[in-house]
Amino acid sequence: QVQLVESGGGLVQPVGSLRLSCAASGSIFRFNTMGWYRQAPGKQRELVAIMASGGTTNYAPSVKCRFTISRDNAKNTVFMQMNSLKPEDTAVYYCNLKIVAQDYWGQGTQVTVSS
């Protein structure tokens, strides 16, 4: 059974920074993709940033140049450094692990950007 545990959300002022972490445990095939999605109130869940185990990344245009995703394959952990945060970044952020066609999700962590 795969479990994802997220940490690092919270309240931050505009132009501030936060760092999210997500650790995966369980039976994890070494070729996978880990990353982050977010869902704001009244909106659909959207991709923020993902990173394959080989290093390929994909970012939403709205966060490119502000957010940086990284991972530690040995520890099955993914990180996301979020800089220059804007109020529109406010959402619940979900960690995602994709192994072939199977998706696993974390419980979500709230990020609120407000003065």
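Brief remarks follow.
- Ligands, DNA and RNA aside, residue 18 has an accessible area near 30 Å² when probed at 1.4 Å.
- Förster radius 35 Å - calculated FRET efficiency between residue 88 and residue 28, Cβ distance, rounded to 0.05: 0.60
- Backbone geometry of the stretch 98-115 corresponds, through the Karplus equation with coefficients 6.51, -1.76 and 1.60 at θ = phi - 60°, to 3J(HN,Hα) couplings of 10, 10, 6, 9, 9, 9, 10, 10, x, 7, x, 9, 7, 10, 10, 10, 7, 8 Hz, x marking Gly and Pro.
- Listed as lacking a disulfide-compatible partner in the chain: 65, by the criterion of no other cysteine Cβ under 4.7 Å.
- Phi angles of the stretch 66-78 translate, via the Karplus equation with coefficients 6.51, -1.76, 1.60 and θ = phi - 60°, into HN-Hα couplings of 10, 10, 10, 9, 8, 8, 10, 5, 5, 10, 6, 10, 10 Hz per residue; Gly and Pro are given as x.
- Antiparallel %, DSSP beta bridges [both residues in the chain], to 5: 95 percent
- Relative contact order, percent, the chain [alpha-carbon distance under 8 Å, six or more residues apart]: 36 percent
- In this structure, residue 46 and residue 112 have a Cβ-Cβ separation that, at R0 = 22 Å, corresponds to a calculated FRET efficiency of about 0.80.
- Hits among lysines - C-alpha to C-alpha of residue 98 under 24 Å, sequence gap 8 or more where chains match: 43, 64, 75
- Separation in nanometres of the label points that stand 7 Å from Cα toward Cβ, at residue 102 and residue 60: 2.7 nm
- If you sort 105, 36 by accessible surface, 1.4 Å probe, largest first, the order is 105, 36.
The values are calculated or read from the model by the stated rules, or taken from the named source; none is laboratory data. From a predicted model like this one, the values you see are computed outputs, not experimental measurements. A quick note on method: Cβ atoms are made from the backbone with ideal geometry, for glycine too, and the neighbour counts reach across all protein chains shown. Each accessible area value is taken on the protein alone, full model and side chains, heavy atoms only, with ligands, DNA and RNA left out. Shrake-Rupley method; radii C 1.70, N 1.55, O 1.52, S 1.80 Å.
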